[in-house]
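> Submitted below is the structure of interest, expressed as structure tokens.
The values are calculated or read from the model by the stated rules, or taken from the named source; none is laboratory data. In this text the structure is predicted, and so the values were computed from the model without any measurement. As a convention, Cβ positions derive from the backbone with ideal geometry for all residues, glycine included, and neighbour counts pool all protein chains shown. Ligands, DNA and RNA are stripped out before the accessible areas are found, and what is left, the full protein with its side chains, is counted by its heavy atoms. Shrake-Rupley method; radii C 1.70, N 1.55, O 1.52, S 1.80 Å.
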Amino acid sequence: MNPDAHASAVATETAAFVALVKGADLSTPVPSCPDWTLADLTRHVGSVHRWFAALLRQRVQQAPTSRDMDLRLPERSEDYPDWLAESAAEAAEVFAAMDPDAPMWAWGVDQHARFWVRRMLCETLVHRADAEHALGLTPHIDRELAVDGVDEFLTNLPFATPFAPRTAELRAPDRTIRFSCTDADESGEGDGGGDWLIRLRPDGFGPVPADAAPRTADATVRGTAADLLLLLYGRLDRDSDAFELLGDRDLLAHWFAHSAF
């Protein structure tokens, strides 16, 4: 997916989120986000949109020292859905005016403006699924978005230590974990991606380049792209029937105990 596709998907996912929560009981608990209600979830997503839009507008070149900003948050929680829609519209204006290849600070590997559009999409997509779960619905996640989301997660996780400190413990003497999609790309377009090999080393961890020589993994998790995305974000249990687990179970336990985002 390219930045234009990411920006378009942000708009689509936000519209779906707004449609879910508008008219819903915003005091409904969100089980996948403990201690949060739908109001908290909606406020979080809108805040992310406005914060990322501010970073892009300023094209910051170093990590901000403060996240204080006027979110223009409504006084009444029932007005949060409309406020979220306005947040997305504000972000869309910034996307349309920006150069996605412009260099700027980002906490992940891609130090360009496009990083933040992709990151906003992942935040919105996963939290849309959270809202659906809270309302007793089964989320549907487009395979292309799910594959891109898994890739974004695994690519950036090695850089998440400042806010996910347990990732610093993802170390091992050259051990590998494979995440593999069981659903094919039915569109006939795109690269049909869906396989990631992660190597844990004594000094860190990270994805093995796709063009590297293939190797048998020490542990493998197989599932649909959508289920893998929700698994990596802690929304599904790896021991559920949705997944096939192969190889070293202790290595998998180590990964999931330290990869919370």
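> Across the stretch 166-173, in residue order, what do the Karplus-derived ³J(HN,Hα) couplings come to in whole Hz, using 6.51 cos²θ - 1.76 cosθ + 1.60 with θ = phi - 60° and x for Gly and Pro?
5, 5, 5, 8, 7, 10, 6, x
> Over the stretch 2-84, what is the relative contact order in whole percent, taking alpha-carbon pairs under 8 Å and six or more residues apart? Each step should come with its number before you reach the end.
On the way: 47 pairs, mean separation 27.7, N = 83.
Computed value for the stretch 2-84: 33 percent relative contact order.
> A further question follows. Using only the alpha-carbon atoms of the stretch 91-212, report the extent along each of the three principal axes, biggest first, to the nearest angstrom.
44, 36, 33
> Of the listed values [x] 50, 41, 35; [y] 53, 42, 39; [z] 49, 41, 40, grab the one calculated as Cα extents along the principal axes in Å from the structure here.
[y]
> List, in order, the whole-Hz ³J(HN,Hα) value for each residue of the stretch 219-231 obtained from phi through the Karplus relation with A = 6.51, B = -1.76, C = 1.60 and θ = phi - 60°; use x for Gly and Pro.
8, 9, 10, 10, x, 5, 4, 5, 5, 4, 4, 5, 5
> Please report the accessible area of residue 181 (heavy atoms, 1.4 Å probe, ligands and nucleic acids excluded) in Å², nearest 10.
20
> With all protein chains present, calculate the accessible area of residue 79 using a 1.4 Å probe and round the result to the nearest 10 Å².
Approximately 50 Å² of residue 79 is accessible to the 1.4 Å probe.
> If I fit a long axis through the Cα atoms of helix 114-134 and take the longest principal axis of the Cα atoms of the chain, what angle between them do I get, 0 to 90°, rounded to 10?
90
> How would 37, 167 rank on accessible area, largest to smallest, probe 1.4 Å?
On the way: 37 35, 167 0 Å².
I get 37, 167, largest accessible area first.
> In addition: So for the stretch 152-251, considering every pair of alpha-carbon atoms, how many percent are separated by more than 17 Å? It would help to have the intermediate numbers written out before the result.
Details: 2764 of 4950 pairs.
It works out to 56 percent of all Cα pairs.
> Which whole-number percent is the relative contact order of the chain (Cα, under 8 Å, 6+ apart)? Before the final figure, lay out each step's value.
Numbers: 386 pairs, mean separation 47.3, N = 261.
That works out to 18 percent.
> Follow-up question, since we're still on this one. State, in angstrom, two size descriptors of the stretch 1-109 derived from its alpha carbons: Rg to one decimal place and Dmax to the nearest whole number.
Rg then Dmax for the stretch 1-109, in Å: 14.9, 42.
> Would you mind working out the magnitude of the charge dipole of the chain relative to its Cα centre, with +1 at each Lys and Arg C-beta and -1 at each Asp and Glu C-beta, to the nearest 20 Debye? If you can, show how the numbers build up before the last one.
On the way: 24 positive and 43 negative charges, 165 e Å.
Taking the Cα centre of the chain as origin, the dipole is about 800 debye.
> Normalising by the residue count of the stretch 33-175, find the relative contact order in percent from Cα pairs under 8 Å and 6+ residues apart.
On the way: 113 pairs, mean separation 34.8, N = 143.
Once normalised by length, the contact order is 24 percent.
> Let me ask something additional. For every helix of n ≥ 4 consecutive DSSP H residues, a contribution of -39,500 (n - 2.57) applies; sum these over the chain, divide by its total residues, and give [θ] at 222 nm rounded to the nearest 500 deg cm²/dmol.
-14000 deg cm²/dmol
> Quick one: what are the phi-derived ³J(HN,Hα) couplings along the stretch 4-21, Karplus 6.51/-1.76/1.60 with θ = phi - 60°, whole Hz, x for glycine and proline?
Computed from phi, the couplings for the stretch 4-21 are 5, 5, 4, 4, 5, 5, 4, 4, 5, 5, 5, 4, 5, 4, 4, 4, 5, 8 Hz.
> Another one. Would you mind telling me which residue in 210, 19, 129 has the biggest mean-square fluctuation in a Gaussian network model of the chain, where springs connect alpha carbons within a distance under 10 angstrom?
Fluctuation is largest for 210.
> Considering only protein heavy atoms and a 1.4 Å probe, what is the carbon-and-sulfur percentage of the accessible area of the chain?
Numbers: 6270 of 12720 Å².
Carbon with sulfur: 49 percent of the solvent-accessible area.
> Further question on the same structure: What's the longest piece of the chain with no exposed GluC sites (Glu not before Pro), counting a site as exposed if DSSP puts it in a loop and it has at most 13 other beta carbons within 10 Å?
After excluding every exposed loop site, the longest remaining stretch is 76-185.
> Dipole of the stretch 152-261, Cα-centred, from +1 at each Lys and Arg C-beta and -1 at each Asp and Glu C-beta, to the nearest 20 debye?
With Lys and Arg at +1 and Asp and Glu at -1, about 580 debye.
> Rank these residues by their accessible area, most exposed first, probe 1.4 Å: 47, 27.
Details: 47 25, 27 75 Å².
Final ranking, largest accessible area leading: 27, 47.
> Only bridges whose two residues both fall in the chain count here: according to DSSP, what percent of them are antiparallel, nearest 5?
Numbers: 16 of 21 bridges.
The answer is about 75 percent antiparallel.
> With a 1.4 Å probe and every protein chain left in place, work out the accessible area per residue of the chain in Å², rounded to a whole number.
On the way: 12720 Å² over 261 residues.
For the chain, the solvent-accessible area averages 49 Å² per residue.
> From largest accessible area down, sort 83, 36, 196; use a 1.4 Å probe on the protein chains. Write down the numbers at each step before the final one.
Working: 83 5, 36 80, 196 25 Å².
Sorted by accessible area, descending: 36, 196, 83.
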